[in-house]
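Shown next, in structure tokens, is the structure this report addresses.
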Amino acid sequence: MEMHALVTFGLIVNLIARFIGIIVSFDMYSKTKENRHFLQLLGWIFLLVSVFLPFGISLTQDLFIINLLRILNVITLNIGLFLLITGLSIYFIEYPRNMVISSLVVIILAPIIAFILLDILIAINISIIFQFLIIMVFLTLVYSNRKEIKNILQYSYGLIVILMVFLVGYVVVNVYIITRVPDYNYGLYMSTDVIAIIAYYSSVAMVTLLGLMVFLHLEQGIYIKKKNLLTDDYSHKIGNILQIIMGAGTTIKILSDSSEVNTTTDLILEKTEEAGELIKRIREM
């Protein structure tokens, strides 16, 4: 079963974008070992796997294998989307581990059970509903935490707004294709409708690229925020310590008649002033 050339091109574009996502997430996780980066890495890996599976459809005529690849395709996409969105959401909200695991179990088992006991179309429709729910939950979380996100992203806040618009557009495109394209099939792997293929794969590519850009800007925003907090915190604490030292040195100089003690005290006061100048420079940086 041969796929349309535009479908193949769309899959290759998304394959490249998701591979870049894996590289970036792996680099972040190897440096930080933080859970959010691990979830994002897993998310990109599953999204990459979901791109590879459709190519198997064109390599076989066995209907069962084709249907199995189709259902695994949408399941791996949902797993990747869920993990990636969870990893992005951890920037501003914490999830109980049990909730994440139970959600994954439902995402995986519900369509598989429907595929075995009912029909491939029912199983795929269940997965599509899950996909839309994941996106809607993410949009709700972003909207409800918009002040904190804006504080992190600063001037890049418009990126996540654009991502939200394209996510809504992705859902709208999917709904339109499902309801309007004759002989609809998930992913349009067996479709010849050029307009539907372009609309679908363009929306997928844009969401993928914007998701990657938002991830990078969130990392940059968090890094800058942490740097500023550390600069303010440590410079403030060191400043307080230096004030105490300076005060003690001045007291010793006033109370002491020894020239040797006074010389040492002058040195302490001189170095304290130098340290104070360094703190000012740190704050300016």
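Computed quantities for the displayed model
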quantity	calculated
Cα-based shape type of region 67-107, given that a ≥ b ≥ c are square roots of the gyration tensor eigenvalues and the cut on a/c is 1.5	oblate
Signed unit charges on C-beta, dipole axis of region 60-150, positive-most listed residue Ile101, Thr76, Leu117	Ile101
Region 83-192: C-alpha gyration tensor shape, a/c 1.5 cut-off, then a/b vs b/c	oblate
Dipole magnitude of region 5-222, debye to nearest 20 (Cβ charges: Lys/Arg +1, Asp/Glu -1, about Cα centre)	440 debye
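Each value in this text was obtained by applying a stated rule to the coordinates, not by laboratory testing. Given the structure is predicted, the values throughout are model-derived calculations rather than measurements. Virtual Cβ from ideal backbone geometry, glycine too; neighbours counted across all protein chains shown.
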